[in-house]
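Working notes, structure below.
Every number in this text was worked out from the coordinates using simple rules, so none of it is lab data. In this text the structure is predicted, and so the values were computed from the model without any measurement. In this analysis, Cβ positions are derived from the backbone assuming ideal geometry, glycine residues included, and neighbour counts consider all displayed protein chains.
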């Protein structure tokens, strides 16, 4: 088994529709430039309030991906 | 640009239906007495267990709102 | 009123479908061996990434239950 | 079951006599203006030193109370 | 000297009478099923409020005990 | 010596000119409605970036003030 | 893919010889009663001092293992 | 008003009789070599367990004292 | 409204002249390679001591910027 | 003295052989694409368990390096 | 290269004039009794409020210095 | 049993050879001026990078020792 090395980056996804969609949006955007994503860790959940309701969800993720040799 | 000043209050919303509804319920109640809410930050997620299932979700938020001059 | 004593255990639930289902799965499994569960506290939210999407949600809970006399 | 909403406030109680009395003093003062207090959480314990002894205990509490509809 | 191995468990003791009694109650209950308890660490102090006074103290402990060979 | 009781509130001050002015602005605004302010604690320092420079400083304070009898 | 559920327990391993051996000793002891261990997380590193040298290393681990259906 | 400078030291007091006596013991010992102690902050509360009861309380304090000119 | 996605990077700025200049230096350097910077968060403040005075201030920032579609 | 600016990145190194080799592996991989690395900070130590032993060590590092002018 | 050993002490500097002067005051006072100071880390920023303005800034530093052989 | 009182000091040990040697070096140096050292707690692990390898390990310890009567 090779000794895997990973890098973690920190991305904030947002969505007007919900917590999970904000996470999916962050991953979808990261996928455009990052290969081999393996896991994520939620580090912060917040959002804007508009008119007394959640305007958008903003979820900060650390995303880990394998660094190729 | 005026130098905005904000106050943060801490509210716990609850809901039997889910995490996001607990957040919305907290905001809906706060809206009755607080104007100019701008953002929220989730600081704690917990809940009651009833009969081996989530009885209700309890989500603690800090809510930031603009203090008027 | 008796002086209640509780124990907390730490369980990680997972689900491909969402954050809340991961919590429910953790409780459902714990229910098989633990009686008198009272509350839970979310301590960590993470998951696997598969093909640029959430492969599964992994939510760590502390679960509190009453210790019988 | 109604969806309860709570507010948390942060109060520092003090007492020359002990840790527990500082907590009770904080609650007694809060009771004058806050109804429906439900729980407290100790977040900080400190105090003044006078003449090499505890001059007073200062205990910071978060107090949670039900917001009426 | 043998290489000691310990396990930590997390117990919440409660008492209407005070912080220390809540700790003692937690240990007294744990003693029924756990042998060789060595130390405790207080990780959280909170309680219920009843009628503007402390209704009960709830103290969360980690308890360390020796695992027998 | 009376047993003093304090309340802490959380205010975010901002200023385009600097960290200290953001703190002073927070206190100046709080002074309009709060009497007997005694101390502050900085809990967060952040700000907007505009055109590659600090657009404004945003400093979150906890402010402690004496509750009158 | 089944929805895996894990439990985490907290074990303190010790060794006079080093940090890594303390971890291995914790796992070796846990293996006697726990099946399906998957991962560990180091949460605390400390030890006794004897005669100005490390007398033993004490490493606290959280160990995660799969709960069988 | 002179610009006061303080030093903080970290002391662990112990007592078989209770939490508060452990704090007082720490201060009494520190008083032998430290002048001008002003305040303390509790940073950790733990203790030994003997025969299923608290054998002694061990309370870690930071103690602040004025440095003379 | 589009669902904005942000990335956070961590930069340490330094300056012999002060805290704020260290922050400005970090942003000025980041601006050379990063577009659309929106906010910063101070996560650590430290520095070198030279001859009993601050030799330089070192301030660690997280900088958030919009990821283009 | 120039005002140095640094960037921090987060890398996870792994090794079946030990904690220190995991750190060295992380640095060796980072060296392929990063110049002027100055320091590292360990932020997390964990690993896989295989057959009741450490399968591999996984150590998360923040690595600081000088940004060239 | 010798294996350097450092000690860290914790000092609170104060100043009516600003955050940076409070840090400089702490270092100036420490310099009277401590040689070979190398770095500082800000761990807490607070202060007194007088008449709705900052009465003094109180900044807690850890100061690291080389222990001579 | 006497009521033991301990003091904790914070020392940074370094070594080019490894994590454990850095800890041993810190204790060896402390032993020159401190009697009755009882335990240590690792609070930070970091180091310099030289030429893409660990140049030295720097480990921060809190060391507890008994204060004599």
Q | Debye log10 I(q)/I(0) at q = 0.05, 0.06, 0.10 Å⁻¹ for the protein assembly as shown, Cα point scatterers | A | -0.26, -0.39, -1.30
Q: Going by the rotation axis that takes chain H to chain I, pick out the residue of H with the closest C-beta and quote the gap in whole Å.
A: H:43, 13
Q. Alpha carbon centre of the range H:11-50 versus the range I:1-37: separation in Å?
A. 44
Q: For peptide G:9-17, compute the average count of partner chain beta-carbon atoms within 10 Å of each residue's beta-carbon.
A: 5
(Q) Averaged over its residues, how many other protein chain Cβ atoms are within 10 Å of peptide G:22-28's Cβ atoms? (A) 5
Q: Compute the label zone of residue B:51 within the range C:27-69: residues whose backbone N is under 20 Å from the point 7 Å along Cα-to-Cβ.
A: C:27-40, C:64-66
Q. Taking Cα atoms, how many degrees apart are the long axis of helix J:19-31 and the longest axis of chain J, rounded to 10 and kept between 0 and 90?
A. 40
Q. Helix-derived [θ] at 222 nm for the protein assembly as shown: sum -39500 (n - 2.57) over DSSP H runs of at least 4, divide by residue count, nearest 500?
A. -6000 deg cm²/dmol
Q. What is the log10 of I(q)/I(0) for chain I, computed with the Debye formula using one identical point scatterer on each Cα and no solvent, at q = 0.24 Å⁻¹?
A. -0.97
